Amino acid sequence: WLEECYEHHKDCQIERHTGDRLPTRVIDVATSDINGMPCPRLVDGKGRSEKFAALSYCWGGESILTLNAQTEAELRAGLPMEQFPPTLRDAIIVTQHLRLKYLWIDAVCIKQDSAEDWNIEATKMRDIYKGAIVTIAAAAASKSSDGIFRHRTVGRTLCKLPWLNGESPCPTVSLRSGSEIRQDPARSSLIHTRAWTLQETLLAPRTLYLGSHIITFECSQGQIDESGRSTKGMAIRAFSHYGLETFQTFLTGYTFFTQGLVTTPGGLSMTYYDLWREIITQYSKRHLTKVSDTLPALAGLANDFNHVTGDKYFAGLWMGDIIRSLCWMTFPGGNSAKNTRHVNEYLAPSWSWASVYGLPLGFYGHESTEDSGFKPLAEVIGIRAAPAGQDPFGRVVDGELVLRA
C-alpha cells in the first residue's frame, strides 16, 4: 500500500511536503546490540533528508518511558525492545516491517522535562506529520501499555487454508465472514477520542490504522483495508457540489477521508473558515490529558491553515472570519468526566472558544457566511493575543479585543 501510494498516486505526489527532513530527534529502529538483538536508539536528525514514520497514539495519562535528563543517555545508547512501552515497541516493529529506518514518537523525541525544548518542538508539529512518509495510528490502544497488536476473535470458522510461508509447522489462515468486520473501524476507534490525534491524522499524507479487527491504509486517494475493501476519497473541492451540511455529515460520520484535508480550496459552498469552524466543533468533543494543551494540540493545523490562507491567527480564531467565529456557543452533554474537570489555569481570552473546556462547541449557523444570511453588525477596532512562547499558534498568556457596533 505504502509503496503503491508513494510511487504511483499522482495526487499524493503533488501533495508531498517540500521539507521532508528528519525531525530534531528520531528513533533509529535498525540498530542492534553486540549480540545482534534489536536495540533502537535515539539519534539526532541533523536536517538530513530521509524517510521516516510518525506515531499517533494515546498516552492514556500513564507514566511511561520519556526523554528527559535522566533517560537521554540510555536512549541514545540504545534500549532492548522489552524496555519500550508496548505501544511504542509495537510501533517500532511496524516501522521495521515497513523497511523504514527512522520513527518519530513525541514521548521519546521531545524533552519532556524541558519547557524550552517542548515549545520549540511544538512549533514543528506541522512539518513532522506532513513530512512523515506515513503515520502509524495505534487505533485500538487507549494507553501506552495496551500495545498495538491484538489477538483477533473470530466467529465460526468456515474454511481454513495452509499458509505456505516457510515456517514449520505450517500455520493456517481462516476465511472470515464480512459481517464480522465492522464498517470503517479506523473512524470509530479509540484514537479518535484524543484531541492531539485530530491534527496528527489531518496533517498526515498517509495513515496506517492498526485496529483491533483490521488494518486500514488511508491517503488522499481513498482508503483500503486488508479485507480488500477500497473506497475512493472525495477531494475537498468536490464538496462544493454537496454543500457544507453534507460535508459535516462526512466529517462526523464514517466515510470522510482526512488525508490532504486542508490542502484544497473549499469551492463555492464552503470556505476554509467553514472548515476550521467544523474542525473546532469536532475538536471540542475530544479529550486532553493536559487542559493547557487546548491550543497547542491544534497548533500544527493552524500553522497549515496559515500557510494556505496567509491569514492572522488569534487564540484559535482567524482575522478573516473573526466576527463569525466569535459566535460560538456551548452545548450540554459530552463526557461527564471531562465536564467535571475544573480549570484553574488561563487557557485563552474569554472571547475565544479556547477559553472553555469540557463542553461541546458549535457556531451560529451551519452554512458558509455567503449562504446563511449572516450579517456582521460589528467591526474589529483592535485585537491581539500574546503567545506564551515562540509558537504564534500555541499557548497564549493574554489577549484583547475591541469591537465597535
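At-a-glance table
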| read-out | value |
| --- | --- |
| Residues of the stretch 121-143 that turn out to be part of a loop (DSSP other than H, G, I, E, B) and either out of contact with any Ser or Thr (no Cβ under 7 Å at 6 or more places or on another chain) or at pLDDT 90 or above (or both), as a count | 7 |
| Answer from Asn306, Asn339 - the residue that is surrounded by fewer than 22 Cβ atoms within 10 Å (Cβ to Cβ), farther than 17 Å from Phe363 by Cα and modelled with pLDDT under 85 | Asn339 |
| Test: residue in the stretch 237-257 that is touching a Pro at 6+ places or on another chain (Cβ under 7 Å) and modelled with pLDDT under 70 | yes |
| Any hit, the stretch 96-103, residues being on the phi > 0 side of the Ramachandran plot and either open to solvent by 10 Å² or more (accessible area, probe 1.4 Å) or under 15 Å from the mean Cα position of the chain (by Cα) (or both) | yes |
| Number of the exception - Trp196 against (1) at pLDDT below 80; (2) within 16 Å of the chain's Cα centre (by Cα) | (1) |
| Within the stretch 35-120, helices (runs of 4 or more DSSP H) holding 2 or more residues that are charged (D, E, K, R) | 72-77, 86-97 |
| Residues of the stretch 31-45 satisfying the condition of being over 12 Å from Leu79 (Cα atoms) and modelled with pLDDT of 90 or more | Val43, Asp44, Gly45 |
| Hits in the stretch 19-34 (condition: in a strand (DSSP E or B) and not basic (Lys, Arg)) | Val26, Ile27, Asp28, Ser32 |
| Unmet criterion (only one of (1) open to solvent by 10 Å² or more (accessible area, probe 1.4 Å); (2) in contact with a helix residue (DSSP H, G or I) (Cβ under 7 Å, 6 or more places away or on another chain); (3) farther than 21 Å from Gly394 by Cα) for Gly147 | (1) |
| Residue within the stretch 263-272 that is within 26 Å of Leu190 (Cβ to Cβ) and either modelled with pLDDT of 75 or more or open to solvent by 20 Å² or more (accessible area, probe 1.4 Å) (or both) present | no |
| Condition met for Ala69 (open to solvent by 20 Å² or more (accessible area, probe 1.4 Å), of a type in the set (Gly, Ala, Ser) and on the phi < 0 side of the Ramachandran plot) | yes |
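The rows are residues; the columns are (1) at pLDDT below 95; (2) of a type in the set (A, V, I, L, M, F, W, C).
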residue: Leu103; (1), (2): no, yes
residue: Ala107; (1), (2): yes, yes
residue: Asn119; (1), (2): yes, no
residue: Gly155; (1), (2): yes, no
residue: Gly166; (1), (2): yes, no
residue: Leu175; (1), (2): yes, yes
residue: Glu180; (1), (2): yes, no
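The values are calculated or read from the model by the stated rules, or taken from the named source; none is laboratory data. Because the structure is predicted, anything quoted here is derived from the model rather than measured. With ideal geometry, Cβ positions are generated from the backbone for all residues, glycine too; neighbour counts draw on all protein chains shown. All accessible areas refer to the heavy atoms of the entire protein, side chains included, with ligands and DNA or RNA removed. Shrake-Rupley method; radii C 1.70, N 1.55, O 1.52, S 1.80 Å.
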